1. Over the stretch 616-736, average the accessible area per residue using a 1.4 Å probe and give it in Å², no decimals.
2. What aspartates and glutamates sit close enough to Lys353 to cross-link, taking a C-alpha to C-alpha distance under 13 Å and skipping anything fewer than 8 places away on the same chain?
3. Take Thr697, project a point 7 Å from its Cα along the Cβ direction, then tell me which residues of the stretch 541-572 have their backbone nitrogen under 14 Å from it.
4. Just going by the charge dipole of the chain, with Lys and Arg at +1 and Asp and Glu at -1 on Cβ, which of Ile370, Gln607, Gly196 is farthest out on the positive end?
5. Of Lys594/Lys674; Lys360/Lys577; Lys175/Lys243, which pairs sit farther than 19 Å apart, going by alpha carbon to alpha carbon?
6. For the chain, what is the calculated [θ] at 222 nm in deg cm²/dmol (nearest 500), taking -39500 (n - 2.57) for each run of four or more DSSP H residues and dividing by its residue count?
7. Could you grab the relative contact order for the chain? Cα pairs under 8 Å, six or more apart, rounded to a whole percent.
8. Given a cut-off of 18 Å, what percent of all Cα-Cα pairs of the stretch 623-700 lie beyond it?
Amino acid sequence: MKVVTRQKYLLAPVQDTALLKASAQSKAIRGIACLLAGAAIVFGGGARAQDGSHSYSMFGTVGLIDMPTAESAPDAEFATTLTEFAHSSRGTLTFQMTPRLSGSFRYSRISRTPDAFRLGEEYALYDRSFDLRFRVLDETATLPAVAIGLQDFVGTGVYSGEYVVATKSFGEKLKGTVGLGWGRFGSANGVSNPLGAINSAFETRPKRDFGKGGEVESNQWFRGDMGVFAGLSYQATDKLAFKVEYSSDDYSYERNRAAPLFDRVSPVNWGVNYEVLDGISLQAYSMYGTEIGVAITASLNPRKPEVFGGTETAPVPVSARDQAPSLDLGWETDPEIRRNIRTQTSELMANEKMVLEAMKITGDTATIFIRTSRYNTNAQTIGRVARIATGTLPASVSTIVVVPIGNGQPLSKVVLRRQDLEDFESAPDGAWETYIRAQIKDAYRETEGAEYPDDAYPRFSWGLQPYSKASYFDPDNPIRIGLGAAATAIFNIRPGTFITGRYNQRLAGNLGASGRSDPSELPRVRTDVYKYHETEGGIDNLTLGHYFRPGPDLYGRFTLGYFETMYAGVSGELLWKPVDSRLALGVELNEVVKRDFDKGFGLRDYQTTTGHVSAYYAFDGGYLGQIDAGRYLAEDWGATFSLFREFDNGWLIGAYATLTDVPFETFGEGSFDKGIVLNVPLDYFTGKPVGGSVGGTIQPILRDGGARVVVPGRLYDSVRDAQNPVLRNTWGRFWR
């Protein structure tokens, strides 16, 4: 990414005399006294606490107009806000990570002159920033909610500031906010920092030495002059809200230049917020006495499905057995009867877009192996397969075992008593009653003795589907998209061994239009990806994969071929994951070589060995932690720290950061690798079990340090989905 120098335009002369400063401080002190007095009166009153509604500010966080509030969005809400104001554009993603903690990622375009759009992109600064906000206190009948926030605490610091803010509700419609701010929030009529009484270092805010950007500048936090901001919001109707605020942001970066972006003649902003549709709102504001600001926010919540109830077909009901199971004796030794049972079960499963991998019946136990399913949760698949089995199995079978198969290998086995299925199908708490009686065990060697359909192996399948690829944050064109068609094929040789391939043909878009080369002091393991984008068609991947179970609780993978657009090689992986354990451990080793830019079969002269030792842990509340430590593509050593939040419906949102032995200056712009991960199941929008998902990884900057090869079919995700705690958390869908 191009680095835009900040010295291109000279700052306007600063008319900062001691007299003016003293006058400003005097006015600010009087204003603070009035605000605090008013706050003491209203916050000390008897207005009852209420949740009320919330809205998003011009910075894309829950707030007033430019100023934050102490409110929080509902837990897990995900919002996207686009704003335009005074030759500045911002796009912000905000996620309510916990009921109290929210995080935001912002991408902004700030013009260096009012004519930047006409003169070209080099006359603008493209900036990435991250925010965190934590609600310290909840609102009560007498006390306000209180929150602490860090704005733009990683990066160049154009928008950096810290604040402590309080918000109180007065009745059903009115809310008041008062806050103290530093940095941007203390730049207008700021007063000496009262924290200087604790340590004189708080009195001065050091200049931000952002280097290559991306670093956390904690030495600035809550330092320098302090400002006061305040505001009111009035919810006139369910959809319409009015806001007014007193802003403590001086916008000095945008104004103190030879060609100011706007005039700030008043600290008061006011305007309206209108919700045009559920989750979509428009805002229009009069700002700083001279400008108009506009914004649109779209929000949704993984906990609140877009389509309620689900529209999948009703499951096959449980078939209760008659009272004479002994009449079924003798069928075990008849191959034709066994084949008919397998065929009938397979056909009924196929009606629900599920595939029978194999079947095994021994004594009073039948084991059913499931290869694929359109349902996003294994719990729902297991429940439907079990009900089908009650109608196809002889009455003498009293135990039904369902085994999810991943990449040809058994991932777990769920042992169900047939009597429990008959007893709890219609019970109010039937899902829980079934779960506590079920046994979830390791399925090592479970496929021994299983009978496969005649056409199971070998088999070949192929498909044609649309595809899209995107590249973000290039200053020459912040969003590049490629659209096209992808031909996919898979040849299953035997259980666990198959050849897969994908060929992409770009048909439209501007993804290959860059032609720019970012400087790099490391081997160009990722920064020349644009050269691969210049080719409109090519092999995306072509691999031979072999999956196996080397022992109890162990899973193995061997992959050979063209892994991804840029790399080919050999990869091996071993994973330890007990079925009831929150902890999993893995190790991976790769020998890779760089591919030719035309994405054909040719290879280049860069070859290296990479590998990682990984630890995975599933915390309560759907949080997943992961640490990968080892050697990366540029032969640097370090670790990647990841934290995700996964919801029972398949939503996954998270972030990661990679720190290696590459110095920040050598790494280049961004200082270290980091990103945001988002994955949304299509079921969320359709209400139908269509399978599949959309999403990906958003990297603020793509560099060579901390880069990993992309190997298809890594083990952990497929294994954990068929085990606890995922099965336990999603078991409520067992009877769906």
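The values are calculated or read from the model by the stated rules, or taken from the named source; none is laboratory data. Values in this document were obtained by computation on a predicted structure and should not be read as measured data. Cβ: placed from backbone, ideal geometry, glycine included. Neighbour counts: every protein chain shown. Surface areas here come from the heavy atoms of the whole protein model, side chains and all, with no ligands, DNA or RNA. Shrake-Rupley method; radii C 1.70, N 1.55, O 1.52, S 1.80 Å.
1. Working: 4620 Å² over 121 residues.
I get 38 Å² per residue for the stretch 616-736.
2. Reachable aspartates and glutamates: Glu312.
3. 564-567
4. Of the listed residues, the answer is Gly196.
5. Numbers: Lys594/Lys674 23 Å; Lys360/Lys577 25 Å; Lys175/Lys243 10 Å.
Pairs exceeding 19 Å: Lys594/Lys674; Lys360/Lys577.
6. Values: 12 runs with 105 residues, N = 736.
Taken over the chain, the calculation gives -4000 deg cm²/dmol.
7. On the way: 1796 pairs, mean separation 67.9, N = 736.
RCO, the chain: 9 percent.
8. Values: 1560 of 3003 pairs.
For the stretch 623-700, the share of Cα pairs beyond 18 Å comes to 52 percent.
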